Amino acid sequence: KAGVTQTPRYLIKTRGQQVTLSCSPISGHRSVSWYQQTPGQGLQFLFEYFSETQRNKGNFPGRFSGRQFSNSRSEMNVSTLELGDSALYLCASSAGGQGVVEKLFFGSGTQLSVL
Amino acid sequence: DQQVKQNSPSLSVQEGRISILNCDYTNSMFDYFLWYKKYPAEGPTFLISISSIKDKNEDGRFTVFLNKSAKHLSLHIVPSQPGDSAVYFCAASAYNNDMRFGAGTRLTVKP
């Protein structure tokens, strides 16, 4: 089985622009979670999607949004980029069963630099 | 709001010795705990987990201990090997598909 695929691998943007990141989960996985990794802050939870619906959300401003398509692929969008948005954005997938904890399978991430 | 805390940003140990990585959490609703390992330029990979009904889980050289009353867990690696050098993340979940991670501890195992 192919792993979690994130594109692009690297991205450079300037302040005020918007960006869209893409994630293809492992085949058969219906849950996709997004995390932001910055030095010292670890992995900060952004949101989780299951069957095209946002099921959980972290404490990020509304500039961060996401969606999931019927094939479980997910996109994350950040509008009006700020310098502090520079980070590694990680996507993770799991089967997504309700009421069970499943280990997450992570992609290699998209490194976003905001200049 | 950091619900999962790893207070040691880095740890250095000699090959063959024990590595102990610590993690504290604040949310008493967390019922399941996991450790992930991350190498540079790769995503984190699952290492070992423990549910709140246990206080210890062992998998080869890796053992996780849970002290629920103290809201504390630790990962022991014995013996440590140079290939174990990586960033280790502690994670916790309340069975709601919302998994929270700590800031990570960078482990360096010296030959």
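The values are calculated or read from the model by the stated rules, or taken from the named source; none is laboratory data. Quick caveat: nothing in here was measured; it's all calculated off a predicted structure. Glycine also receives a Cβ, built like all others from the backbone with ideal geometry; neighbour counts cover every protein chain displayed.
Checking each residue in segment A:100-115 for being within 14 Å of chain B (Cβ to nearest Cβ) and part of a strand (DSSP E or B) picks out A:105, A:106, A:110, A:111. Taking the numbered list (1) within 24 Å of residue B:95 (Cα to Cα); (2) hydroxyl-bearing (Ser, Thr, Tyr); (3) modelled with pLDDT under 95 in turn, residue A:24 passes all entries but (3).
On inspection, residue A:97 passes the criterion of being over 11 Å from the mean Cα position of the chain (by Cα), under 21 Å from residue B:32 (Cα atoms) and not in a strand (DSSP E or B).
Can you say whether residue A:71 is free of Cβ contacts under 8 Å to residues at least 60 places away in the same chain and within 11 Å of another protein chain (Cβ to nearest Cβ), as far as the supplied structure shows? Against the criterion (free of Cβ contacts under 8 Å to residues at least 60 places away in the same chain and within 11 Å of another protein chain (Cβ to nearest Cβ)), residue A:71 does not qualify. Can you work out which of the residues in segment B:55-111 that are more than 14 Å from every other protein chain (Cβ to nearest Cβ) and among the hydroxyl-bearing types (Ser, Thr, Tyr) is nearest to residue B:30 (Cα to Cα)? Result: B:69. Do we find that residue A:14 is hydroxyl-bearing (Ser, Thr, Tyr), at pLDDT 95 or above and within 13 Å of the chain's Cα centre (by Cα) in this structure? The answer is no for residue A:14. Take the residues of segment A:7-62 that are within 12 Å of residue A:110 (Cα to Cα) and part of a loop (DSSP other than H, G, I, E, B): which is farthest from the other protein chains (Cβ to nearest Cβ)? Restricting to residues being within 12 Å of residue A:110 (Cα to Cα) and part of a loop (DSSP other than H, G, I, E, B), the top hit is A:8. Restricting attention to segment A:31-55, the residues that are polar (S, T, N, Q) and free of Cβ contacts under 8 Å to residues at least 12 places away in the same chain add up to 1. Each residue in segment B:38-97 was checked for being touching a residue at least 40 places away in the same chain (Cβ under 8 Å), surrounded by 13 or more Cβ atoms within 10 Å (Cβ to Cβ) and not hydroxyl-bearing (Ser, Thr, Tyr), and 20 pass. Across segment B:36-56, the number of residues qualifying as in contact with a Ser or Thr (Cβ under 7 Å, 6 or more places away or on another chain) and over 29 Å from residue A:88 (Cβ atoms) comes to 1.
In this structure, is residue B:64 modelled with pLDDT under 95 and within 14 Å of the chain's Cα centre (by Cα)? So residue B:64 does not fit the description; no. Being surrounded by fewer than 24 Cβ atoms within 10 Å (Cβ to Cβ), among the β-branched types (Val, Ile, Thr) and closer than 22 Å to residue B:35 by Cα is the filter here, so list the residues in segment A:22-55 that pass it. The answer is A:26, A:38.
Selection of strands (runs of 3 or more DSSP E) fully inside segment B:5-50 by the criterion of at least 1 residues being at the interface with chain A (Cβ under 10 Å from one of its Cβ atoms) returns B:32-38.
If we scan segment A:77-90, do we find a residue that is away from chain B (no Cβ under 14 Å), assigned to a strand (DSSP E or B) and within 12 Å of the chain's Cα centre (by Cα)? The answer is yes, given that some residue of segment A:77-90 is away from chain B (no Cβ under 14 Å), assigned to a strand (DSSP E or B) and within 12 Å of the chain's Cα centre (by Cα). Residue A:102 - would you say it is surrounded by fewer than 20 Cβ atoms within 10 Å (Cβ to Cβ) and modelled with pLDDT under 95? Spelling it out, residue A:102 is indeed surrounded by fewer than 20 Cβ atoms within 10 Å (Cβ to Cβ) and modelled with pLDDT under 95.
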